[in-house]
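To start, the structure itself, in structure tokens.
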Amino acid sequence: MIKVHTNLLGEKLCILGIYAISDDENVLVKDFWGKLNEVMAEIGNSREVLIAGDFNSRTGKKIIYQEVGPFGEEVINDNGD
């Protein structure tokens, strides 16, 4: 995970570049969401946050809140949950 604080057009912005651990890893190693929550708590409400990266997730074909469309694979992994 990489974190960059910047000002863009007078607004405070934090850009998080993320690469999640593969779904094949042991659950004890994969505390990705816990680490992301820690970073988000550290940033707080002081900035807008943009999160981009590779979450190594398989989300299936169901439509979820307009972010995920019906074009995914058939499977869902725990990173996709």
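The values are calculated or read from the model by the stated rules, or taken from the named source; none is laboratory data. Keep in mind the model is a prediction, meaning the values are calculated, not measured. Cβ placement follows ideal geometry from the backbone for every residue including glycine, while neighbour counts extend to all protein chains displayed.
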Checklist entry - Would you call residue 49 touching a helix residue (DSSP H, G or I) at 6+ places or on another chain (Cβ under 8 Å) and modelled with pLDDT of 70 or more? => result yes
Item to check | Of residues in segment 2-46 being of a type in the set (D, E, K, R) and exposed (fewer than 10 other Cβ atoms within 10 Å of the Cβ), the one modelled with the highest pLDDT | outcome: 11
